[in-house]
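Structure, as structure tokens:
Read-outs: derived from the displayed coordinates by stated rules, not from any lab. Predicted, not measured: the structure shown is a model, and the values here were computed from it. Note that we place each Cβ from the backbone using ideal geometry, even for glycine, and neighbour counts take in every protein chain shown.
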Amino acid sequence: EKGGYEHFMLKEIFEQPKSIHDTMRGRLLVDEGVIKMAGIWDHVEKFKNANRIIIIACGTSWHAGLIGEYLIEEYARIPVEVEYASEFRYRNPIITDKDVVIAISQSGETADTMAALKLAKEKGAFIYGICNVVDSSIARITDAGSYTHAGPEIGVASTKAFTAQLTILTLIAFKLGKHNGNLGNAEFMSLISELDAIPKKIEDVLSATHELTQEIAKDFIGATNFLYLGRGYNYPAALEGALKLKEISYIHAEGYPAAEMKHGPIALIDENMPIVIIAPKKGHYDKIVSNVQEIKARKGKVIAVVNKGDQQVSAMADYVIEIPETSECFSPIVASVPLQLLAYYIAVYRGANVDQPRNLAKSVTVE
Ligand code: F6R
């Protein structure tokens, strides 16, 4: 059932070209130039007239939500807030019937997310679900929603569900933006054809980085800390990269927006500190270059995720992982894949049980 892979996690990482494709199937109709999503379309006025969208989730799904904020604000120009379900539900949040609440949950059973949704519903908000498990508790209480068609995710560390969540959030942002006029037709057309090409790019990334990430992983088996940095769309991707590593390898890892480095974490940097930095060409590249200079001046070990043909960051980095160029909004999907592999191999070489890390459960049905 692991399809020849050593672990479900590796199988699920490799399933991503298919799971992303399946999530777009029937929704992204490039030739017709439309995105079809009944859940959105049937309630499009709710979204259009929303005061704001509040995204609620936990863990990896919360990271997807943060990227959703960048997507929906950039392309649909609707204000978005992203909240940890556990914080939202206990702080008497201000919610009205002009709010749209989107819950993101792979399992559809997370207790805090469920409770937060119930609260939002009681206060009159329109609630929308992005779940992977069909007919799960969250999927059942929402007013509408879109399933991620990632297929069953068995590995406790979420991988293909995360990139499927990003796919749905991208579709929602483009659809709303097109509808409310913030996303012009030419840009919409070029974005959707690029989105359509993402599964193929993920396939290329998997074959180009599978061995490389194993080589890199070998050098960091004894690490005790890691920093992950990224800016813009890739700041949440840095958070997610760090979460993957800590969950399965038990190495302490922290993700930061790269510019925040000088407000604290820079104090930690010395020759023993590995720093994964996501530095694609589109996305504040020059700023990232200076972050890398600051790290190298303190002898930190830089593992850089860059675009093919990159020169400036690559020249300074100790390890270079190349990914194909895409619009900035798609780069977290592409950049996440080698980071999943890196976390996976570090954990495997440390002898950890990657599919069932200690203390973690696949669905967290207690708060
Ligand atoms: C991370 C992970 C957890 C879940 C979180 C939310 O790899 O698996 O952080 O993302 O428990 O779970 P769902 O998405 O099922 O609500």
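For the range 1-50, pairs of C-alpha atoms spaced more than 15 angstrom apart make up 63 percent of the total. Net charge near residue 329: determine it from the other residues with C-beta under 10 Å of the C-beta of residue 329, scoring Lys and Arg +1 and Asp and Glu -1. Result for the local shell: -2. Pull out a ≥ b ≥ c, the square roots of the eigenvalues of the alpha-carbon gyration tensor of the range 1-155, then state rounded if a/c is under 1.5, prolate if not and a/b is larger than b/c, and oblate in the remaining case. Taking the square roots of the gyration eigenvalues as a ≥ b ≥ c, the range 1-155 is oblate. Taking Cβ atoms as reference points and 14 Å as the exclusive limit, the residues near residue 302 contribute a net charge of -2, counting Lys and Arg as +1 and Asp and Glu as -1. Thinking of the range 175-258 as a set of Cα atoms, what percent of all their pairs are more than 21 Å apart? Roughly 53 percent, rounded to a whole number. Each residue of the range 201-312 gets 107 Å³ once the volume of the Cα convex hull is shared out per residue. Over the range 89-223, Cα pairs under 8 Å with separation of 6+ residues give a relative contact order of 16 percent. The tail of the calculated P(r) for the chain, taken as Cα-Cα distances beyond 36 Å, holds 18 percent of the pairs. Of the trypsin sites (Lys or Arg not before Pro) found in the range 1-90, those that fall in a DSSP loop while having at most 15 other beta-carbon atoms within 10 Å are 2, 25, 36, 77.
Across the chain, Cα pairs under 8 Å and at least six residues apart give a relative contact order of 19 percent.
Defining a contact as two alpha carbons under 8 Å apart and six or more residues distant in sequence, what relative contact order in percent does the range 151-248 show? Computed over the range 151-248, the figure is 20 percent.
Measuring against 28 Å, Cα to Cα, the residue pairs 36/308; 48/121; 2/218; 18/178 contain 36/308 as the ones spanning a longer distance. This ranking places 156, 302 by how few other beta-carbon atoms lie within 10 Å of each, fewest first, which gives 156, 302. Would you be so kind as to identify all helices of the chain, as entire DSSP H runs, whose Cα atoms reach 24 Å or more along the helix's own axis and whose mean Kyte-Doolittle hydropathy is at least -1.0? The answer, listed by residue number, is 59-76, 160-179, 198-218, 331-349. Arranged from fewest to most other beta-carbon atoms within 10 Å of their beta carbon, 366, 44, 205 become 366, 44, 205.
I want to verify a result. In a Gaussian network model of the chain, Cα cutoff 10 Å, which of these has the top mean-square fluctuation: 289, 313, 133? Top of the fluctuation ranking is 289.
With Rh defined as the Kirkwood radius, the inverse of the mean 1/r over Cα pairs, the Rg/Rh of the range 138-207 is 1.04.
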